[in-house]
Amino acid sequence: MEFVMQRTSDMGLLVFGIVLAVVGAIMRFAVEVTTEGFNIHTAGVIMLVVGILASVVGLVLLGMGRTSRSTTTERILETPTGQVRTEQRSDSSMQG
């Protein structure tokens, strides 16, 4: 019995970038606070820009078709003393 699972490996970067951009936008445009020594609006702009860049990089990598493939092979052998079950897993990255 063999199970094969293919998944894109750069979706996490895209999601992280979107979340970072949303949090940065909230900090920049929705928070009304005055602090000394730390400007929350500047931090929001930095997070927004980094989030946008991470999202763009994630989209580019997704567009290139990079995927990873996990294969799990399970074998059950009949022996004189009973059954022996072996499982082998291999992971590989592929360019698509």
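Given the criteria in a strand (DSSP E or B) and surrounded by 11 or more Cβ atoms within 10 Å (Cβ to Cβ), does THR42 qualify? Even if it seems obvious, please write down each step before you answer.
Values: in a strand (DSSP E or B): no; surrounded by 11 or more Cβ atoms within 10 Å (Cβ to Cβ): yes.
In short, no.
Taking the condition part of a helix (DSSP H, G or I), surrounded by fewer than 15 Cβ atoms within 10 Å (Cβ to Cβ) and at pLDDT below 90, does GLY12 pass?
Yes.
Starting from the stretch 20-41, take each residue that is over 25 Å from GLY58 (Cα atoms) and list its partners that are of a type in the set (Val, Ile, Thr) and surrounded by 13 or more Cβ atoms within 10 Å (Cβ to Cβ), counting only C-beta distances under 7 angstrom and pairs at least six apart or across chains.
From residues that are over 25 Å from GLY58 (Cα atoms), the pairs are VAL31/ILE40; VAL33/ILE40.
Going by the conditions given, is VAL23 in a helix (DSSP H, G or I) and at pLDDT 85 or above?
It is true that VAL23 is in a helix (DSSP H, G or I) and at pLDDT 85 or above.
Has the stretch 59-73 got any residue that is farther than 15 Å from MET11 by Cβ and assigned to a loop (DSSP other than H, G, I, E, B)?
For the stretch 59-73, residues farther than 15 Å from MET11 by Cβ and assigned to a loop (DSSP other than H, G, I, E, B): absent.
Test ILE46 against the stated conditions and say whether it is of a type in the set (Val, Ile, Thr) and at pLDDT 90 or above.
yes
Give just the number: which of (1) surrounded by 15 or more Cβ atoms within 10 Å (Cβ to Cβ); (2) modelled with pLDDT of 80 or more; (3) among the β-branched types (Val, Ile, Thr) does ILE76 not satisfy?
Here ILE76 clears every test but (1).
The values are calculated or read from the model by the stated rules, or taken from the named source; none is laboratory data. Predicted model only: the values in this text are computed from it and were never measured. Virtual Cβ from ideal backbone geometry, glycine too; neighbours counted across all protein chains shown.
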